[in-house]
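Structure first, commentary second.
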Amino acid sequence: MYCFQCQETSRNEGCTVVGICGKDDEVARLQDLLVYVLKGLAVVAAKAQDIGQDVQAEALYIAHSLFSTITNVNFDAEIFIARIADAQKVRDHLRVRFTSAFEEQNGHAYQGDWPDAVTWSSADVAVMKEKAQTVGVMSERNEDIRSLKELLTYGLKGIAAYADHADVLSQQDEDVFNFLIEGLAMTVKDNPSVDELLGAVMKAGETTVKAMALLDRANTDRYGHPEPTAVNIGAKNRPGILISGHDLKDLEELLEQTQGTGIDVYSHGEMLPANSYPFFKKFDHFVGNYGGAWHDQTKDFEAFNGVILLTTNCLVPPNDSYKDRLFTTGAVGFPEIPHIVDRKNGAKKDFSALIERARTCAPPTSLEEGTVMSGFARQTVLSVADKVIDAVKGGQIKKFVVMAGCDGRQQTRDYYTNLAQALPQDTVILTAGCAKYRYNKLDLGNIGGIPRVLDAGQCNDSYSLVVVANALKEAFGLENINDLPIAYDISWYEQKAVSVLLALLYLGVKGIRLGPTLPAFLSPNVAKVLVEMFGIQTIGTVEQDLAEIMAG
Ligand code: FSO
Ligand code: SF4
């Protein structure tokens, strides 16, 4: 195996024996092969689009399948074997549909060559495993082309996750689907130039903005606009179900089905911001958030005592102490962990197995008491825009520091806690994603009633930060987003964060600090291009960065 798609990759080079995330060699290689077949499907889909065929179903298939290969989503080899077989069928079915329509339209058979990603085929597991050895990231020999192809692929994985979430809520965007196909097909193009790939990488940024806008619309249309909310972080005395990940539709159906059962529902990790949506506040038994960021889950899940549902990443290979209380759903999977199957024909998911199990469980052990603030998404912040602008003009707010992104295990991420504490009282932290767990429980106070940590929500709600930055730019009559008193100190972990980073670059944001390390998949030359074009830098010491942030 060779995997370097996340920030925790071994030695900041690549995982070669087993993933730091727990992914083993077999699963890593099967994921490579699935991505390879999906690339072939994208090539056929692009051709089919050229002759006017509708390939929305195939684009959605690509989105859902790519999502399963993101870090900490799915660790189940059997699922990948089944998906590889199925993806070949989807690809080959589309190829037949395309070639017959082509012949009908043109009066002769399609003569073009298909790449191996389109023609390779086998239902034999041993053959699949053999093939998987040859299609990993290292199969591209040119280091810079490999780097750009992987940067593009990881950006596409992030877009795929957001498109999949939006689709669950019945919202789709043609441009997003088109780019999933175009971008993925580009990664198997013969001899693509650096410029072509860089162009596609920028388009991935543009498409991420569209995908995040789409998901924002999907979430707010259905659940209302998040409101500032003090979210309870203490434990109650009834048995509970802890729901983690990012899927709000799963939460909706779980809350409906647990109503009146005597079971409390708590959010974990990236589900925390759900507590601030008007729709979810209607449920009295949705009682707050339990625990910290994803990497705290082994400790949190053990102490929770009740049932845990993982709707998306980040899943850590479970400990025996809570394995029999864990369920997965959606793109998530782990061997021997029961999986709640997808909705079929408009029916809801069936969470009755979780409810039955939860009834037998003890209430959660209390980890902490009090509240954390959430719900500062675009509508809330824009509703107090006048107040914010006055505070900037009056000098009460000197700087906004965007500290969005992901959290992770590494000790060096203390940097974000220390920086949050060191930032002076006239600064406001804008956050989204699980990065917030590094400082959202600190008492950093407020500026004239505006909290010093404004949490917009999940990683995809970074879109709100973009809307707020653009609104401030308008309000101050500025031409350039970089003239705002905003510094960007982003932490990253998995591939959704890669797409959010590309979105910021596409929007022209310069001088982003990215940490705790630059991605291992950036070759020295590609890193140099990003530094020259966008002034990307890695984090330094808190003292150094603080001085630069405040001086800039
Ligand atoms: Fe975090 Fe995990 Fe939301 Fe990621 S829980 S790390 S970028 O999956 O998606 O922020
Ligand atoms: Fe390693 Fe990250 Fe890949 Fe897991 S996802 S194998 S930790 S690079």
>> Need a quick list: helices (runs of 4 or more DSSP H) entirely within region 245-353 having at least 3 residues that are within 25 Å of the chain's Cα centre (by Cα).
In response: 248-258, 278-281, 297-304
>> Looking at LYS398, LYS393, can you tell me which residue is without any contact (Cβ under 8 Å) to a residue 60 or more places away in the chain and not assigned by TED's automatic domain parsing to the domain that holds LYS249?
In response: LYS393
>> Here is a list: SER374, SER352, SER366. Which entry is more than 16 Å from ligand 2 (Cβ to nearest atom), under 30 Å from ARG238 (Cβ atoms) and in contact with a helix residue (DSSP H, G or I) (Cβ under 6 Å, 6 or more places away or on another chain)?
In response: SER374
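Listed here are the residues, each with its yes/no results for (1) small (Gly, Ala, Ser); (2) closer than 29 Å to GLN495 by Cα.
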residue: ILE308; (1), (2): no, yes
residue: LEU315; (1), (2): no, yes
residue: ASN319; (1), (2): no, yes
residue: PRO335; (1), (2): no, yes
residue: HIS339; (1), (2): no, yes
residue: ALA347; (1), (2): yes, no
residue: ALA358; (1), (2): yes, no
residue: CYS361; (1), (2): no, no
residue: LEU367; (1), (2): no, no
>> Cβ contacts < 7 Å: first residue within 16 Å of ASP324 (Cβ to Cβ), restricted to region 291-304; second residue within 16 Å of ligand 2 (Cβ to nearest atom) and open to solvent by less than 40 Å² (accessible area, probe 1.4 Å), any location; separation 6+ or different chain. Result?
In response: GLN297/VAL316; THR298/VAL316
>> Quick test for you: out of GLY205, GLY245, GLY199, GLY234, pick the one residue that is touching an Asp or Glu at 6+ places or on another chain (Cβ under 8 Å), on the phi < 0 side of the Ramachandran plot and not hydrophobic (A, V, I, L, M, F, W, C).
In response: GLY234
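Rundown of residues vs (1) part of a loop (DSSP other than H, G, I, E, B); (2) open to solvent by less than 50 Å² (accessible area, probe 1.4 Å); (3) touching a strand residue (DSSP E or B) at 6+ places or on another chain (Cβ under 7 Å), yes/no style:
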{"residue": "ARG11", "(1), (2), (3)": "no, no, no"}
{"residue": "ARG29", "(1), (2), (3)": "no, no, no"}
{"residue": "TYR36", "(1), (2), (3)": "no, yes, no"}
{"residue": "LEU41", "(1), (2), (3)": "no, yes, no"}
{"residue": "VAL44", "(1), (2), (3)": "no, yes, no"}
{"residue": "GLN49", "(1), (2), (3)": "no, no, no"}
{"residue": "GLN53", "(1), (2), (3)": "yes, yes, no"}
{"residue": "ALA59", "(1), (2), (3)": "no, yes, no"}
> Can you name the helices (runs of 4 or more DSSP H) wholly within region 451-552 that have at least 3 residues being within 16 Å of ligand 2 (Cβ to nearest atom) and out of contact with any Pro (no Cβ under 7 Å at 6 or more places or on another chain)?
Replying inline: 495-506
>> Criterion first (open to solvent by less than 40 Å² (accessible area, probe 1.4 Å), farther than 19 Å from ASP247 by Cβ and either touching a Leu at 6+ places or on another chain (Cβ under 9 Å) or modelled with pLDDT under 95 (or both)) does GLY330 satisfy it?
In response: no
> Is region 471-487 home to any residue that is away from ligand 1 (no atom under 16 Å from the Cβ), under 30 Å from VAL73 (Cβ atoms) and either under 22 Å from the mean Cα position of the chain (by Cα) or modelled with pLDDT of 95 or more (or both)?
Replying inline: no
> Is it the case that GLU58 is farther than 20 Å from GLU182 by Cα, acidic (Asp, Glu) and away from ligand 1 (no atom under 16 Å from the Cβ)?
Replying inline: no
> Only one of (1) farther than 22 Å from GLN172 by Cα; (2) away from ligand 1 (no atom under 16 Å from the Cβ) is not met by GLU253, so which one is it?
Replying inline: (1)
> Among GLY445, GLY405, which is the only one that is within 16 Å of ligand 2 (Cβ to nearest atom) and either free of Cβ contacts under 8 Å to residues at least 12 places away in the same chain or at positive phi (or both)?
Replying inline: GLY405
>> Taking the conditions exactly as written (in the same structural domain as PRO485 (by TED's automatic domain parsing) and surrounded by fewer than 15 Cβ atoms within 10 Å (Cβ to Cβ)), does ASP386 satisfy them or not?
In response: yes
> Residues VAL18, VAL35: which one is within 16 Å of ligand 2 (Cβ to nearest atom), free of Cβ contacts under 8 Å to residues at least 40 places away in the same chain and assigned by TED's automatic domain parsing to the domain that holds GLY155?
Replying inline: VAL18
> Do you know which residues across region 278-320 are over 18 Å from THR71 (Cα atoms), of a type outside the set (Gly, Ala, Ser) and open to solvent by less than 10 Å² (accessible area, probe 1.4 Å)?
Replying inline: PHE280, ASN289, TYR290, ASP300, PHE301, PHE304, VAL307, ILE308
> Out of all the residues in region 432-452, which are within 16 Å of ligand 1 (Cβ to nearest atom) and among the hydrophobic types (A, V, I, L, M, F, W, C)?
Replying inline: ALA432, CYS434, ALA435
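The values are calculated or read from the model by the stated rules, or taken from the named source; none is laboratory data. Given the structure is predicted, the values throughout are model-derived calculations rather than measurements. Here Cβ is always computed from backbone atoms with ideal geometry, including for glycine, and neighbour counts include all displayed protein chains. In case anyone asks, the SASA skips ligands and DNA or RNA and just uses the protein heavy atoms, side chains included. Shrake-Rupley method; radii C 1.70, N 1.55, O 1.52, S 1.80 Å.
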